[in-house]
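Asks: Take this structure first; my questions come after.
The values are calculated or read from the model by the stated rules, or taken from the named source; none is laboratory data. Note that the structure is a prediction, hence the values are computed from the model and not measured. As a convention, Cβ positions derive from the backbone with ideal geometry for all residues, glycine included, and neighbour counts pool all protein chains shown.
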């Protein structure tokens, strides 16, 4: 298990220059994380253009609330990769992202298939080897 007590809250902007911590949390170095991000962001935006956080069809245009947990899609990607990589439990994610455990569970339920779809539909997102590793972890 990773000692994460030195990071008050996880945000990609705080971790992007810490290659070792980023790799430990996500399984990806910064270059691979940044290569995957645009595909993840597009898939995430497509989802939220059609559905709400509860998964119901959206009736109006989405917008970021002032109290949003993830104001940057890189933080969403960091969150789901940290969980999928298996080094962080839900209770730890809750603590480090400043939310409660039920919200962690809700976001995992939404973001896991979004990550999977982003990887599947974009062959250039990651190497074949990295894709296989992530698919195995996503589908556990």
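Asks: Mind counting the residues in segment 69-93 that are free of Cβ contacts under 8 Å to residues at least 40 places away in the same chain, assigned to a helix (DSSP H, G or I) and within 16 Å of residue 38 (Cα to Cα)?
Replies: Here the count works out to 3.
Asks: Here are the criteria: (1) touching a helix residue (DSSP H, G or I) at 6+ places or on another chain (Cβ under 7 Å); (2) buried (at least 16 other Cβ atoms within 10 Å of the Cβ); (3) closer than 22 Å to residue 140 by Cβ. Tell me which single one residue 96 does not satisfy.
Replies: Going through the list (1) touching a helix residue (DSSP H, G or I) at 6+ places or on another chain (Cβ under 7 Å); (2) buried (at least 16 other Cβ atoms within 10 Å of the Cβ); (3) closer than 22 Å to residue 140 by Cβ, residue 96 breaks only (1).
Asks: If you go through segment 41-55 one residue at a time, how many are closer than 23 Å to residue 92 by Cα and either at pLDDT 90 or above or in contact with a strand residue (DSSP E or B) (Cβ under 7 Å, 6 or more places away or on another chain) (or both)?
Replies: Summing the residues that are closer than 23 Å to residue 92 by Cα and either at pLDDT 90 or above or in contact with a strand residue (DSSP E or B) (Cβ under 7 Å, 6 or more places away or on another chain) (or both) in segment 41-55 gives 0.
Asks: Out of segment 17-40, which residues are farther than 14 Å from residue 81 by Cα and assigned to a loop (DSSP other than H, G, I, E, B)?
Replies: Of everything in segment 17-40, those that are farther than 14 Å from residue 81 by Cα and assigned to a loop (DSSP other than H, G, I, E, B) turn out to be 17, 18.
Asks: Now, a different point. For segment 94-126, which residues satisfy the criterion of being farther than 19 Å from residue 43 by Cβ and in contact (Cβ under 8 Å) with a residue 60 or more places away in the chain?
Replies: 96, 97, 98
Asks: Of the conditions (1) touching a strand residue (DSSP E or B) at 6+ places or on another chain (Cβ under 8 Å); (2) surrounded by 14 or more Cβ atoms within 10 Å (Cβ to Cβ), residue 81 satisfies every one except a single condition; which number is it?
Replies: Only one criterion in (1) touching a strand residue (DSSP E or B) at 6+ places or on another chain (Cβ under 8 Å); (2) surrounded by 14 or more Cβ atoms within 10 Å (Cβ to Cβ) is unmet by residue 81, namely (1).
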